[in-house]
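Have a look at the structure below before the remarks.
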Amino acid sequence: MPATSFGALRHRNFRLFIFGQLVSLCGTWMQTVALGWLALELTNSALRVGLVTTLGSLPVLLFTLYGGVVADRANRRRALILLQTLFLVEALALGLLTALHHITIGWIYALSFLGGLVSAFEIPMRQSYLGELVGRDHLMNAIALNSSAFNVSRVVGPALAGTILAIAGAAVAFFLNAASFLAVLIALFMIRPGETPLSNWGTAEQPARRPGVRDGIRHIFGSSWPRALVILIAVLTVFGSSFIAIFPVYSRDVLHTGAGGYGALTSLLGVGAATGALAVAAVGHRFRREATAVWAAVGLGATLVLLGLVHALGLALPLVMLAGLSMALSAIMSNTLLQTGAPDHLRGQVVGFYSFIVVGMAPFGSLQMGWISEHLGTSAAILIGGSICLVAASLTAWRMLLYPASRLTADPSTVQTLPDLRTEDS
């Protein structure tokens, strides 16, 4: 089936899954906001509130590579049912402890770590399952629609959380998040496994032994395009998207605006990202994936450089929207290239490695951005980060797109076994 606009929605199984994900993601954002607010009420410490996020991200950094191995070995649908159930139990525990007034910061830390541990296995399982639902032809479309759901929920979930916190309290937000996981579980039970287009992946290349972490890493770094993409993604994660962590300080100290301006910046970042994701879902099959991924990264670096130079809210707003657009385009195309370039028996590991970079390394990016902001100023932190991204993306564009003859393959033997990522989607 050729790639078309919103082609992933032609698959009944994917429609069920993406609807359940949208409901669940809204609940997850509600819990994230409520959990931060509750931790602040219990401790009145910004450091301890930040530790909640750190403990939620640490297991992803430690275990997501192995989570990718499990994703390649397990029945993904059944595994997702188990993992989503564990998420439900975690949210329900938070709700009960809060409603019964037994919640403590220690419980919040423990349950945040548990949620992160489940995420380390759920993220690669869910991402690799998208290809199982729609096949290779519509994978980019499915990733784009999944990104759209994420960005829509990032706007809707916090808005609902603010209302619920003011009216009913954090416990209700946790209970509603627990209920939201029922949407995913019902969708997973309604999916018909026999309708999944696995034939598109060329599963005849099954290995004689069960692949391990080294096989996935060897695949990624054994060919020029996957290697270039993961290095660029790492740079963008640590020095690019980490600017979001200092958004409140940037709004107050650089743009001299209050909560309203901060809210506008955050909303436009989400609007830009959602626009990029929907654009890929609608007409992305007409784009060359490699060029879009790399030039979008160049655009992100250039936009951050400009953000580091401006001091007016009116100029910052459209730049933030462009930053969100560039981030979405680069992420979706890179994720698609890595997955479609991997054989089915390694796809979970490739997604796990991608998640290890994007999610696991994000706290290091926030840390370096905060440190530079505190010592050199917020504008300088964004300017330096943007400059590093711009240089890295420009070098990648020069080496991989403008002068492709200069590309080198680490292991010449992989040329015969790895798919050619230069093929356009159309």
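The numbers here are math on the coordinates, done by the rules we state, and not lab data. Please read all numbers here as calculations on a predicted model, not as lab measurements. Counting neighbours? That spans all protein chains shown, and the Cβs are built from the backbone with ideal geometry, glycine included.
Things to note:
- Panel note: the C-alpha atoms of the chain, placed on their principal axes, show extents of 59, 50, 36 Å (largest first).
- Working note: 222 nm ellipticity from helices only, DSSP H runs with n ≥ 4, each -39,500 (n - 2.57), summed and divided by the residues of the chain, gives -25000 deg cm²/dmol to the nearest 500.
- Nitroxide proxy distance, nm - points 7 Å out along Cα→Cβ at residue 221 and residue 403: 2.5
- Residue-count net charge about residue 393 - beta-carbon cut-off 14 Å; Lys, Arg +1, Asp, Glu -1: 0
- With a cut-off of 13 Å between beta carbons, the residues surrounding residue 353 carry a summed charge of +2, where Lys and Arg count +1 and Asp and Glu -1.
- For residue 257, the residues 5 or more places off, or on other chains, whose built amide H falls under 5 Å of its own are 252.
- Neighbour-count order for 23, 235, 310, fewest beta carbons within 10 angstrom listed first: 310, 23, 235
- Local net charge near residue 116, Cβ-Cβ under 13 Å (Lys/Arg +1, Asp/Glu -1): -2
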